[in-house]
Amino acid sequence: MDANLDPAGAARALLAFWRAAGVDMDVAEAVYAAAPKAAAVAPKREAPITAPRLKKVASAPVDSARALAASANTVAELRAAVEKFDGCALKATARNTVFSDGPEDAPVLIIGEAPGKDEDEQGKPFVGRSGQMLDRMLDQIGLSRQSNVLISNTIYWRPPGNRDPTDGEILACLPFAERLVAILQPKLLILAGKSAAHTMLRRTDGVLKLRGRRLSYGREGEPAVNAMVMLHPAYLLRQPQQKRLAWTDLLLAEAWLKELGVARVT
Ligand code: URA
């Protein structure tokens with residue numbers, strides 16, 4: 001490498017110049033030898049596509065959620081366990097616990113983020129504007145909460161003012177969402193939006209990268225579950241130009257369900 005470009009080469013050339021100029025090189029070379037070596041240039045690596053996102057939080061609520069969730073063997077029991085759980089501070093400000101809506105043996109499970117105002121008032125997930133949009137989308141591919149889809153969230157109480165849930169709130173509720181998948185063993189798990197996708201898949205990739213792909217949801221000791229990510233209906237209400245992508249997601253779900261032999265209403 002040209003000494004002009006290589007810092008070590010440039011330093012050696014400078015020392016040679018000083019030596020020739022009569023500088024006391026014992027001192028200069030000792031200083032040079034003691035100087036920290038330039039770090040080897042690491043080969044360029046691809047950024048990992050997965051990374052833990054949630055910070056460590058107090059373990060007592062998480063432990064209590066795990067114990068309650070583990071004690072449930074049906075969706076109805078899990079709902080009762082969530083209602084009994086006092087480890088999520090959001091419960092204190094919410095009107096209702098919002099757990100699920102739809103048949104408790106549905107082949108398709110949709111998990112969104114958290115209840116909003118309408119959901120809090122009615123005690124059911126996805127009943128506001130974005131929920132109505134979700135129902136219309138599902139109807140296009142023969143799915144509905146009346147017949148073959150169970151709808152739930154990763155958080156069961158409305159965050160005040162619809163703020164984002166904190167990591168502590170997400171982790172306190174997560175054992176219940178995980179247990180719901182384990183109990184229901186859906187043929188297809190659809191994660192609506194970034195927050196549900198990151199929480200359930202433990203990935204940090206952008207939602208636009210995760211959507212439209214056949215993925216797998218897995219937890220140790222449990223069978224893997226087919227999973228996919230769709231754009232959140234609330235996002236589509238804000239960005240209607242993205243409905244094109246949402247339509248592709250629906251077609252993927254439809255094709256996958258057909259392959260899996262899941263009955264849809266046509
Ligand atoms: N958005 C969600 O993610 N869940 C709901 O229940 C309502 C809106």
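The values are calculated or read from the model by the stated rules, or taken from the named source; none is laboratory data. The structure displayed is predicted, hence computed values, not measured ones. Don't worry about glycine lacking a Cβ; one is built from the backbone with ideal geometry, like all the others, and counts go over all protein chains shown.
Values as computed for the structure displayed
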{"quantity": "Verdict on ALA42 being assigned to a loop (DSSP other than H, G, I, E, B), at pLDDT below 95 and either under 27 Å from the mean Cα position of the chain (by Cα) or not polar (S, T, N, Q) (or both)", "calculated": "yes"}
{"quantity": "Criterion (buried (at least 22 other Cβ atoms within 10 Å of the Cβ), closer than 19 Å to LYS124 by Cα and either out of contact with any Cys (no Cβ under 7 Å at 6 or more places or on another chain) or not acidic (Asp, Glu) (or both)) met by exactly one of LEU174, LEU231, LEU184", "calculated": "LEU184"}
{"quantity": "Residue within the stretch 85-98 that is assigned to a loop (DSSP other than H, G, I, E, B), within 10 Å of the ligand (Cβ to nearest atom) and not hydroxyl-bearing (Ser, Thr, Tyr) present", "calculated": "yes"}
{"quantity": "Residue pairs meeting the criteria (Cβ under 6 Å; at least 6 apart or on separate chains; first more than 18 Å from VAL181 (Cβ to Cβ) and acidic (Asp, Glu), in the stretch 43-72; second surrounded by 10 or more Cβ atoms within 10 Å (Cβ to Cβ) and at pLDDT 95 or above)", "calculated": "none"}
{"quantity": "Enumeration of residues in the stretch 83-116 that are within 30 Å of VAL265 (Cβ to Cβ) and either outside the structural domain of ASP139 (by TED's automatic domain parsing) or of a type in the set (D, E, K, R) (or both)", "calculated": "ASP101, GLU104, ASP105, GLU113"}
